[in-house]
Amino acid sequence: MVPSKTHAQAPLRSLDQRMEALRRANDIRVRRAQLKKDLKDGRVHIEHVLLDPPEYVSTAKVFDMLMAVPKFGRVKAARLLNQCRISQSKTVGGLSERQRGELVNLFHNR
C-alpha cells in the first residue's frame, strides 16, 4: 500500500492578517510599477537602484529591473547578467557587492 501524500498546509491567519498582507503586497506592486516607469522615462537611473535599493525592490528580480531600462530588451538584459555571472532569477536584494559593482561598472562603460 502506498502512503498517501499529506499536503503542507499554511498556518491559519486571521482576516486582518490576510488583509494587511494584501495591502503590503499591493503597495509594493504599485511602487515597483512607478519605479519601472521612472526608469523607462529616465527620471531614475538603474545604477542608483542597484547601489542603494529601496526596500520594496529587494525582492524584485534584477532581470525585470533591467528590462525597464530604455533600450534594454530580453537579449541585452540576459547578456549583461551573463557577463557578470548573475542568474536571471537573482533578486536585487540578493546581489553581492561584487555583482552590484560589476553591473554598475558595465552601465558606466556603456
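Nothing in this text is a laboratory measurement; each read-out follows from the coordinates by a stated rule. Note that the structure is predicted; figures quoted are calculated from it, not measured. Here the Cβ positions follow ideal geometry from the backbone for every residue, glycine too, while neighbour counts run over all protein chains shown.
For every helix of n ≥ 4 consecutive DSSP H residues, a contribution of -39,500 (n - 2.57) applies; sum these over the chain, divide by its total residues, and give [θ] at 222 nm rounded to the nearest 500 deg cm²/dmol.
Numbers: 5 runs with 61 residues, N = 110.
That calculation yields -17500 deg cm²/dmol at 222 nm.
Would you please name the trypsin sites (Lys or Arg not before Pro) within the stretch 43-74 that are DSSP coil residues with at most 10 other C-beta atoms within 10 Å of their C-beta?
Numbers: sites: 43, 61, 71, 74; in loops: 43, 71.
In loop regions of the stretch 43-74 (DSSP not H, G, I, E or B), the sparsely surrounded trypsin sites (Lys or Arg not before Pro) are 43, 71.
In a GNM of the chain with a 10 Å cut-off on Cα contacts, which of 70, 54, 11 has the highest mean-square fluctuation?
Most flexible of the set in this elastic network: 11.
Scan (1) 13, 38, 23, 15, 9, 2, 0; (2) 13, 39, 37, 10, 1; (3) 14, 47, 27, 11, 1 for the value of P(r) over Cα pairs in 10 Å bins from 0, in percent calculated from this model and give just the label.
(1)
From the phi angles alone, apply the Karplus equation (6.51, -1.76, 1.60; θ = phi - 60°) to the stretch 74-85 and give each ³J(HN,Hα) in whole Hz, x where the residue is Gly or Pro.
Once θ is set to phi - 60°, the couplings for the stretch 74-85 become 4, 5, 5, 5, 5, 5, 5, 5, 5, 4, 8, 6 Hz.
In whole percent, what relative contact order does the stretch 18-108 give with Cα contacts below 8 Å and a gap of six or more residues?
Relative contact order comes out at 30 percent.
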